[in-house]
Every structure is written in structure tokens, then in C-alpha cells.
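A.B. asks: One structure coming up, written as C-alpha cells, with questions to follow.
Read the figures in this text as sums done on the coordinates, not as results from a lab. Since we're looking at a predicted model, the values are computed, not measured. Positions of Cβ are generated from backbone atoms using ideal geometry, with glycine treated the same way; all protein chains shown enter the neighbour counts.
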Amino acid sequence: MPEFQEKAVIVRRETITPAILRLSLRSAQISAHARPGQFVMLRVGSGLDPLLRRPFSIHQVSGDGTLQILFKTVGRGTEILARCRAGDTIDCVGPLGQGFSLPGDQPGAHFCLVGGGMGMAPLYFLASRLQQTGMASEEHVVLLGGRTRNEVALFEEEFFTLGYQVHVATDDGSMGYHGLVPDLVPRFLRDQTLVYSCGPLPMMKAVAALTDAAGCPCQVSLETHMACGLGACLGCALPGSGTRYVHVCKDGPVFQAGEVVWPD
């Protein structure tokens, strides 16, 4: 897959919650070649502090040459990024990594997308692409988990607008099911269900166990710290199946759930 470095201009800044933001970036080459599940590396500051770029899943791309990222302010890098405004320029490298494998022509295939927290970001791009290729319908399901209603309400509406069934779980019970999103998964697993998941590691581990027991294929998008995003620094190495290690930036971030050694 081709990779590009562009000076991306912020064309829109949206505040989802006080800590969650969405940026739309004008990045014609990257957006034209991006696939669901891939990511970009952004230089969030104008100087050498912070020194390293930060990885962000591609949340959506548009035909007008823009891409979106969705992020939560959790550290120095995202705090700097959160201060950016429309018109600012960000140095952007991408699209990077291996994305989701689309099902192709599988009559009767049933999709179940399971996202927790900021794991909703790459799943929205996937849901949009499935819709564009005619593979999405209201028979397919999106399951979203968050701490509160404020974290998921907007995305519940946006996935629904794409034509999906959407079910929500919140930690505090302020919207949908009061509990964790993996609790919703078993009722939607059936023959030929294809599961795509992204979110906190314990959530994906639970989803992987459920899909394995049901005999359903599951792809997971891993999130980890990255120094380069290109496979040079080997800083994102994780144990994979067998005796090998995998590098999330180059071998992933999307893996078959059975390829991942889930921590105890």
C-alpha cells in the first residue's frame, strides 16, 4: 500500500464531549488511498516537543479529500492536538498498517461491529465502506459501549443513519444496557456472523472468547503505543500465536482474533 506525507489542513473541529474531539483534515492523497482499519501518524506539535508522532485510527474519509480522526484527550500529545483550530496545519503520514478484510461476495453473511470507547473510530469507517459497497443493511448490527450517554449518543445516531441496527451499553446505565458491551454480543451471533471489534483490550478479549465459542470469525483492531508507525523501531511488538511476535504497525493493527495472545 502506498504511504504519503502531507501537510494536512484542519477544516473542521468538533467537540463531542469536553474530552472527546473530532478533527476533519484536508489530506487528498492519504484519504484517497485509505482503507478501513488503517491509521495515520501525526506530528502534533510544531517543534521537537513532543518528539514522536502520535498514531490515530482513520475515523472516516470523504470524497472531497478529507479524513477524520476521533480522539480523547489523555496525555500531552492529545492535549496539544485538542488546542488546534480550523486552518491549522498538521504534518500527517499515512495510510499505515493492515486494515479490515472485507467479506466480499458472501450471500447470507451477517455483520456485527463491536466498539468500545475510542474503538468506535475505525468501525465507523468500516461501516461506511460496507454501506457504500452495498453490503450493509438493517439486518447488520453495531454494538457500542461507553462510560456514559454523552460518549455514545452521537455515534449511535450516526451508525443508525448508515442503516444499521444499533445497540448501546453504558457503564452508568444512562443509555441502553447497563453494563459492558460484550454482554450484548451473544444474542447477535448466528451462522455466518462476521464480527469486527475495536476497543479496550479486555473488551476485545471477551469478544474474541465469545466468537470463538460460537465458531464465528472475528477481526480485532489493536491499539498500542507506537514510536514510528512504520515497523522500524519495533516498539509495538506483541506476542502472537505460536512462537512469533507481531508488530501492530505493520502486521496490524487489524488481526484475526486467533492470532492474538490475550493477556491473563
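A.B. asks: In what sequence do His225, His110 fall when counting other Cβ within 10 Å, fewest first? Could you put the intermediate results ahead of the total?
C.D. replies: On the way: His225 10, His110 19.
In order of increasing Cβ crowding within 10 Å: His225, His110.
A.B. asks: To test your reading of the geometry: what angle, between 0 and 90 degrees and rounded to tens, separates the Cα axis of helix 120-132 from the longest principal axis of the chain?
C.D. replies: Relative to the chain, helix 120-132 is tipped by roughly 70 degrees.
A.B. asks: Right, next: Please name which of Gly134, Phe39, Val9 has its Cα lying farthest along the dipole of the chain towards the positive end, using unit charges on Cβ (Lys, Arg +1; Asp, Glu -1) and the Cα centre as origin.
C.D. replies: Val9
A.B. asks: Specify which residue in the list Ala206, Leu194, Gln256 is farthest towards the positive end of the charge dipole of the stretch 110-259, using unit charges on the beta carbon of Lys, Arg (+1) and Asp, Glu (-1), about the Cα centre.
C.D. replies: Gln256
A.B. asks: Output the antiparallel fraction of DSSP beta bridges having both residues in the chain, as a percent to the nearest 5.
C.D. replies: 60 percent
A.B. asks: Related question: Determine the calculated [θ] at 222 nm for the chain from helices alone, applying -39500 (n - 2.57) to every DSSP H run no shorter than 4 residues and normalising by the residue count; nearest 500 deg cm²/dmol. List each step's numbers first, then the result.
C.D. replies: Numbers: 5 runs with 53 residues, N = 264.
Estimated from H runs of four or more residues: -6000 deg cm²/dmol.
A.B. asks: Could you order peptides 73-83, 123-133 by the average number of other Cβ atoms within 10 Å of their residues, highest first?
C.D. replies: Descending packing order for the listed peptides: 123-133, 73-83.
A.B. asks: Determine, for Ser101, Ser241, Ser31, the number of other Cβ atoms within 10 Å of each Cβ, and report the residues in order from fewest to most.
C.D. replies: Values: Ser101 15, Ser241 12, Ser31 25.
Sorted ascending by nearby Cβ count, the order is Ser241, Ser101, Ser31.
A.B. asks: Next question, about the same structure. Using Cα springs under 10 Å in a Gaussian network model of the chain, which residue among Arg26, Arg244, Arg13 shows the largest mean-square fluctuation?
C.D. replies: Comparing Arg26, Arg244, Arg13 in the GNM, the peak value goes to Arg244.
A.B. asks: Can you tell me which aspartates and glutamates have their Cα less than 15 Å from the Cα of Lys7? Leave out same-chain residues fewer than eight positions away.
C.D. replies: Partners within reach: Asp88, Asp91.
A.B. asks: Hey, another quick one. Once you've got the GNM for the chain with C-alpha springs shorter than 10 Å, pick whichever of Cys112, Cys216, Cys198 has the biggest mean-square fluctuation.
C.D. replies: Of the options given, Cys216 has the highest mean-square fluctuation.
A.B. asks: Kindly state, to the nearest 0.05, the FRET efficiency for Ser62 paired with Gln5, given R0 = 25 Å and r defined as their beta-carbon distance. Working shown, then result.
C.D. replies: Numbers: r = 20 Å, r/R0 = 0.81.
So, using R0 = 25 Å, E works out to roughly 0.75.
A.B. asks: A follow-up question, please. Under the 0.36 nm per residue contour assumption, what length would be gained going from the current alpha-carbon distance of Lys250 and Arg13 to full extension? All intermediate terms of the calculation are to be shown ahead of the outcome.
C.D. replies: On the way: separation 237, 0.36 × 237 = 85.32 nm, distance 2.94 nm.
Between Lys250 and Arg13, full extension yields an extra 82.4 nm.
A.B. asks: Tell me the Kirkwood radius of the stretch 4-96: reciprocal of the mean inverse pair distance over distinct alpha-carbon atoms, in Å.
C.D. replies: On the way: mean 1/r = 0.0773 Å⁻¹.
In the stretch 4-96 this quantity evaluates to 12.9 Å.
A.B. asks: Whole number please: convex hull volume per residue of the Cα set in the chain, in Å³?
C.D. replies: Numbers: hull volume 33.8 nm³, N = 264.
About 128 Å³ per residue, rounded to a whole number.
A.B. asks: Looking at the stretch 110-259 from every direction and averaging, what is the projected area of its Cα convex hull in nm²? Don't skip to the answer; put the middle values down first.
C.D. replies: On the way: hull surface 36.8 nm².
Its average projected convex-hull area is 9.2 nm².
A.B. asks: Using only Cα atoms, find the angle between the long axis of helix 201-214 and the longest principal axis of the chain, and express it within 0 to 90 degrees, rounded to the nearest 10.
C.D. replies: For 201-214 against the chain, the angle is about 30 degrees.
A.B. asks: Which of the aspartates and glutamates could be linked to Lys250 by a straight reach, that is with a Cα gap under 14 Å, when you skip same-chain ones fewer than 8 residues away?
C.D. replies: Glu3, Glu223
A.B. asks: Highest mean first, what order results for 4-10, 93-99, 173-179, 245-251 on Cβ atoms within 10 Å? Let's see the in-between values first.
C.D. replies: Working: 4-10: 17.3, 93-99: 24.3, 173-179: 15.3, 245-251: 19.9.
By packing density, highest mean first, the sequence is 93-99, 245-251, 4-10, 173-179.
A.B. asks: Between Ala237 and Leu154, what is the spin-label point distance in nm, taking each point 7 Å from the Cα along the Cα→C-beta axis?
C.D. replies: 3.9 nm
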